[in-house]
Amino acid sequence: MTNAARPGAASVLNEPVCGMTWGWTGVRDTPTVTDEVRWAIRWAAWFQSYTAFILHAARLAEEEGAEMLCIGCEMVRADGQDARWRSLITAVREVYSGLVPYNCDTFQEDHVTWWDAVDVITSSGYCPIGSWDEQLNCIETVVTAAGRPFFFMEAGCPSRTGSPAKPNDWALPGVPSGAEQLHYCEDMFAATGRREWMRGFMLWDWPTTLYAAADAAQNDDDCVCGKPAADFLGREYASRMAAPTTAPPTTTTPPARTDHP
């Protein structure tokens, strides 16, 4: 995939994702365990295994010249393990020379205490429509304190009635609606466009196997291909790429890699 992106002059971010036996990694209801020592042992064993998994991905990312390596995605249960994350990041930097971000879950930006250890702060931007300014105010406080650049590693909304109010509820009942997805994207871009520190989005999602163009109107997932939001996003990105750029805020972020053009 990295090599396939190069002819188009695209930058590459690798994001290895660890599946959990209990389901999605962001489940917050940690099982009740009265023996704290047993839980400490479990976390130690888990991070030992997870570090090996990430280091394998880091070596591959280094070999392929990926510009960024995300070390975790929406791992709400593990976010509080400050020292173990710092140790993992140190190990990653020994084998990988690119930028190291972490992607926290929606509304968790101010719960992570180790943002200073990464190069880029990212989160999943599934804010209910109309609430963007409130959430961006919270993120701005975190970004300013950490002195790190920020972008949304995930952001988007299903093309389904009711989804703008609950954009990360993929099981929400409703009927296909490209208009509601478009409305959500318009609100998202308007709010984030007013924040100079906001560097952009990785929009969720674009599957490897697309539905037929004729079926786009009846598709109710997050992909915008063939839907009204696609035209809007195309215009937005075209205008932003044409606009003069301003100097980024001063951070301790390492310079961009030049060894893999």
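The values are calculated or read from the model by the stated rules, or taken from the named source; none is laboratory data. Bear in mind that the values here come from a model prediction, so they are computed numbers and not experimental data. With ideal geometry, Cβ positions are generated from the backbone for all residues, glycine too; neighbour counts draw on all protein chains shown.
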key: Output for region 181-223, where each listed residue is of a type in the set (D, E, K, R) and in contact with a Pro (Cβ under 7 Å, 6 or more places away or on another chain)   = ARG199, ASP220, ASP221, ASP222
message = Would you confirm whether or not region 82-92 contains a residue that is within 29 Å of GLN48 (Cα to Cα), under 14 Å from the mean Cα position of the chain (by Cα) and crowded, with 18+ Cβ neighbours inside 10 Å?
response = no
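Taking the condition of being touching a residue at least 12 places away in the same chain (Cβ under 8 Å) and over 18 Å from ASP222 (Cβ atoms), how many residues in region 118-143 meet it?
Residues in region 118-143 being touching a residue at least 12 places away in the same chain (Cβ under 8 Å) and over 18 Å from ASP222 (Cβ atoms): 14 in total.
Conditions tested, residue by residue: (1) surrounded by 11 or more Cβ atoms within 10 Å (Cβ to Cβ); (2) modelled with pLDDT under 95; (3) of a type outside the set (Asp, Glu); (4) over 30 Å from GLU62 (Cα atoms).
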residue	(1), (2), (3), (4)
ASP205	yes, yes, no, no
ALA214	no, no, yes, yes
LYS227	yes, no, yes, yes
LEU233	yes, no, yes, yes
ALA247	no, yes, yes, no
THR251	yes, yes, yes, no
ALA256	no, yes, yes, no
PRO261	no, yes, yes, no
message = Going by what's in this entry, would SER131 be described as more than 14 Å from the chain's Cα centre (by Cα), within 25 Å of ASP205 (Cα to Cα) and among the polar types (S, T, N, Q)?
response = yes
query = Here is a list of conditions, (1) modelled with pLDDT of 95 or more; (2) closer than 13 Å to ALA155 by Cβ, and ARG195 meets all of them except one; can you say which number that is?
reply = (2)
ask   = Which condition number does ASP119 fail, the rest of (1) surrounded by fewer than 22 Cβ atoms within 10 Å (Cβ to Cβ); (2) under 28 Å from GLY226 (Cβ atoms); (3) in contact with a Pro (Cβ under 7 Å, 6 or more places away or on another chain); (4) modelled with pLDDT of 95 or more being met?
value = (2)
query = Is it the case that some residue within region 57-75 is of a type in the set (Asp, Glu), part of a helix (DSSP H, G or I) and free of Cβ contacts under 8 Å to residues at least 24 places away in the same chain?
reply = yes
ask   = Which residues, counting only those in region 235-245, are in a loop (DSSP other than H, G, I, E, B) and either of a type in the set (Ser, Thr, Tyr) or at pLDDT 70 or above (or both)?
value = ALA243, THR245
message = Going by what's in this entry, would SER97 be described as outside any helix (DSSP H, G or I) and farther than 25 Å from ARG195 by Cβ?
response = yes
query = Taking the condition outside any helix (DSSP H, G or I) and in contact with a Pro (Cβ under 7 Å, 6 or more places away or on another chain), does THR106 pass?
reply = no
note = Within region 15-63, of all residues that are surrounded by fewer than 16 Cβ atoms within 10 Å (Cβ to Cβ) and of a type in the set (Asp, Glu), the one modelled with the lowest pLDDT is ASP29
ask   = Hey, among the residues in region 164-193 that are without any contact (Cβ under 8 Å) to a residue 40 or more places away in the chain and either in contact with a Ser or Thr (Cβ under 8 Å, 6 or more places away or on another chain) or in a loop (DSSP other than H, G, I, E, B) (or both), which one's surrounded by the most Cβ atoms within 10 Å (Cβ to Cβ)?
value = GLU180
